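In what follows, a single structure is set out as structure tokens and then discussed.
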There are 2 protein chains.
Amino acid sequence: MTETAVESAATESKSQQAYAAVKARIIEGTYTPGYRLVLAKIAEDLGFSVVPVREAIRRLEAEGLVKFERNVGATVAGIDPTEYLYTMQTLSIVEGAATALSAPLIDPATIARARAVNQEMRECLEHFDPVRFTALNQDFHSVLFEHCPNPHILDLVHRGWNRLASLRSSTFRFVPGRAQESVREHEALLQLIESAADADTIEKAARQHRAATLDAYLATTN
Amino acid sequence: MTETAVESAATESKSQQAYAAVKARIIEGTYTPGYRLVLAKIAEDLGFSVVPVREAIRRLEAEGLVKFERNVGATVAGIDPTEYLYTMQTLSIVEGAATALSAPLIDPATIARARAVNQEMRECLEHFDPVRFTALNQDFHSVLFEHCPNPHILDLVHRGWNRLASLRSSTFRFVPGRAQESVREHEALLQLIESAADADTIEKAARQHRAATLDAYLATTN
DNA sequence: GTCATAGTTTTCGTATACGATTTCGTACTC
DNA sequence: GAGTACGAAATCGTATACGAAAACTATGAC
């Protein structure tokens with residue numbers, strides 16, 4: 001479920017390849033926030049010309065991963081705490097909605113898989129492996145969203161995740177105190193889904209799950 | 001508040017101009033869904049070369065207004081009823097959230113302005129002016145969102161609106177029966193905001209306001 | 001009359017080239 | 001020593017050009 005680096009078949013356009021390559025580098029942390037993305041340099045690294053690279057960068061800009069300034073250039077976006085707040089708040093809303101929409105379509109087997117992921121997360125806590133924990137956290141929700149009936153909302157969720165991923169090596173980090181609660185909330189969420197709770201209850205729980213992490217962050221800064 | 005056609009100052013990059021121009025044409029209905037956007041042709045129309053046009057089209061694709069297929073070309077997106085459902089559902093969620101977030105920041109003067117817009121909408125109903133009604137409807141919500149504290153969510157709202165606008169001349173239309181209810185719901189919403197109702201109540205009302213239109217549409221097709 | 005096939009045309013995809021703008025470094029002035 | 005002005009370098013923005021893929025059309029076989 002981890003994103004493979006993808007040196008995809010030549011059937012993909014170069015702009016597509018450039019997009020995937022730069023995006024991967026941002027998400028995996030090679031290019032950290034503030035890193036200057038010089039078109040010519042990236043083009044040379046990837047082995048093709050600037051036009052497709054430029055297109056890729058603009059696409060990343062549309063997703064909020066890159067900040068582009070006219071006649072100046074592109075940089076990896078966003079260490080701004082305000083931006084973090086916006087992203088988390090938005091994510092809280094769309095994740096809540098995605099969970100509520102998906103819940104009625106989740107079968108017991110899927111619940112079991114999600115529970116297995118959550119169990120792994122518990123183990124990560126014991127061995128203190130925050131990187132894997134974060135990845136699993138995303139996997140957990142991905143499992144829940146597998147049958148999400150609205151791809152638009154799912155897309156918004158993914159965009160939010162990407163944004164957060166790009167902030168990985170910045171000031172916004174894994175909060176140890178939250179992690180244990182997070183695992184507990186996951187289990188509570190699964191039980192709500194199993195018991196076919198009404199959409200509203202599930203949405204609130206899922207929303208709160210994300211919002212609590214934001215609150216934990218805000219608490220550390222105030 | 002209506003979008004002026006904008007033959008903006010030459011201080012804007014051509015790709016930016018192309019983006020605005022094509023977007024405007026889609027939203028105003030010159031390019032209807034299915035219309036084929038040939039890069040070379042648009043470039044010639046606008047008086048510059050294909051590269052910036054290409055970039056503009058890709059940007060519009062990211063916003064969902066255009067569908068782009070490798071080695072085939074671009075067409076104006078989306079008359080698909082499914083797509084309409086996704087968009088409306090998403091819009092219901094993000095508008096609900098935007099309204100709830102904005103509500104505490106709305107002052108009496110703003111309420112008054114919103115009410116004035118709503119009054120105009122009532123008059124539009126009497127003269128049967130659906131085009132203006134639709135525009136005013138957007139204005140109404142724009143007024144409410146003026147102080148929305150989360151620009152990301154506001155951006156999602158605008159994207160949804162643009163998508164809907166692009167569908168204007170398609171099968172999804174002004175539903176006369178809904179319009180009267182819509183005006184009533186606007187007033188109810190204003191009263192909730194005035195009375196400082198809790199965020200949850202406001203969010204539900206705003207969400208339902210959009211969802212009801214979707215339901216009305218679905219009722220006509222079933 | 002329908003289907004398959006080959007050739008033509010259209011259109012996209014990307015490389016290269018050059019002009020425009022910004023930035024950075026240096027020298028000069030106060 | 002601080003600030004400003006000028007020039008050089010870096011980088012972006014767009015035009016043009018050509019190769020590649022797909023779509024269209026016409027021709028022929030069954």
Nearest to the axis that maps chain B onto chain A: list the chain B residue whose Cβ wins, with the distance in whole angstrom.
B:Ala62, 2
To the nearest 20 debye, what charge dipole does region A:43-106 have about its Cα centre, counting +1 at the Cβ of each Lys and Arg and -1 at the Cβ of each Asp and Glu?
160
If one takes the longest principal axis of the Cα atoms in chain B, at what angle in degrees, from 0 to 90 and to the nearest 10, does the Cα axis of helix B:50-62 lie?
30
If you roll a 1.4 Å probe over the heavy atoms of the protein chains, what accessible area per residue do you get for region A:14-151, in Å²?
45
Given Cβ charges of +1 for Lys and Arg and -1 for Asp and Glu, the option among A:Thr30, A:Gly47, A:Val66 whose Cα lies farthest towards the positive end of the dipole of region A:14-76 is A:Val66
Specify which residue in the list B:Pro81, B:Ile153, B:Leu218 is farthest towards the positive end of the charge dipole of region B:81-221, using unit charges on the beta carbon of Lys, Arg (+1) and Asp, Glu (-1), about the Cα centre.
B:Pro81
Could you sort the peptides A:180-188, A:88-96, A:58-66 by per-residue average Cβ neighbour count (10 Å cutoff), highest mean leading?
A:88-96, A:58-66, A:180-188
Magnitude of the Cβ-charge dipole (Lys and Arg +1, Asp and Glu -1) of the protein assembly as shown about the Cα centre, nearest 20 debye, reported as 1080
In degrees, nearest ten, helix A:151-166 long axis to first principal axis of chain A (Cα):
70
B:Thr220 accessible area, 1.4 Å probe, all protein chains in place, Å² to nearest 10
100
For the cross-link pairs A:Lys67/B:Lys67; B:Lys23/B:Lys67; B:Lys14/B:Lys41; A:Lys14/A:Lys67; A:Lys14/B:Lys14; A:Lys41/B:Lys67, which exceed 19 Å when the distance is taken from alpha carbon to alpha carbon?
A:Lys67/B:Lys67; A:Lys14/A:Lys67; A:Lys14/B:Lys14; A:Lys41/B:Lys67
On the protein heavy atoms, probe 1.4 angstrom, tell me the percent of accessible surface of region A:1-156 carried by carbon and sulfur.
56
Helix-only mean residue ellipticity at 222 nm for the protein assembly as shown, each DSSP H run of n ≥ 4 adding -39500 (n - 2.57), per residue, nearest 500:
-23000 deg cm²/dmol
Grab the other residues whose beta carbon is less than 12 angstrom from that of B:Ala56, score K and R as +1, D and E as -1, and report the net.
+2
Just order B:21-27, A:121-127 by mean Cβ neighbour count inside 10 Å, highest at the front, would you?
B:21-27, A:121-127
How large is the accessible surface of B:Lys14 in square angstrom, using a 1.4 angstrom probe and rounding to the nearest 10?
110
Running a GNM on chain B with Cα contacts under 10 Å, which residue among B:Asn71, B:Asn118, B:Asn137 ends up with the highest mean-square fluctuation?
B:Asn71
Can you list the distances in nanometres, one decimal and ascending, from the A:Phe68 label point to the identical position in each other copy, with the point 7 Å along Cα to Cβ?
1.0
Please give the net charge around B:Leu91, taking every other residue with its beta carbon less than 13 angstrom from that of B:Leu91, where Lys and Arg add +1 and Asp and Glu add -1.
+1
Please express the shape of the protein assembly as shown as an equivalent ellipsoid: the semi-axes are the square roots of 5 times the eigenvalues of the C-alpha gyration tensor, given largest first in whole angstrom.
34, 32, 21
For A:150-156, mean number of other protein chain Cβ atoms within 10 Å
6
Formal net charge of residues neighbouring A:Ala197 (Cβ-Cβ distance under 15 Å; K, R +1; D, E -1):
-4
At B:Pro108, label 7 Å along Cα→Cβ: distances to the other copies, nm, ascending?
6.1
Place the label 7 angstrom along Cα→C-beta at A:Ala196 and in each other copy, then list the distances from the first to the rest in nm, shortest first.
4.2
Of B:Thr213, A:Thr201, ordered by accessible area with the largest first and a 1.4 Å probe, the sequence is A:Thr201, B:Thr213
Can you tell me the dipole magnitude for region A:1-140 around its Cα centre, using point charges on the Cβ only (Lys, Arg +1; Asp, Glu -1), in Debye to the nearest 20?
400
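The values are calculated or read from the model by the stated rules, or taken from the named source; none is laboratory data. Quantities reported herein were computed from a predicted structural model and do not represent experimental measurements. Every residue, glycine among them, receives a Cβ derived from its backbone with ideal geometry; neighbour counts consider all protein chains shown. Ligands, DNA and RNA are stripped out before the accessible areas are found, and what is left, the full protein with its side chains, is counted by its heavy atoms. Shrake-Rupley method; radii C 1.70, N 1.55, O 1.52, S 1.80 Å.
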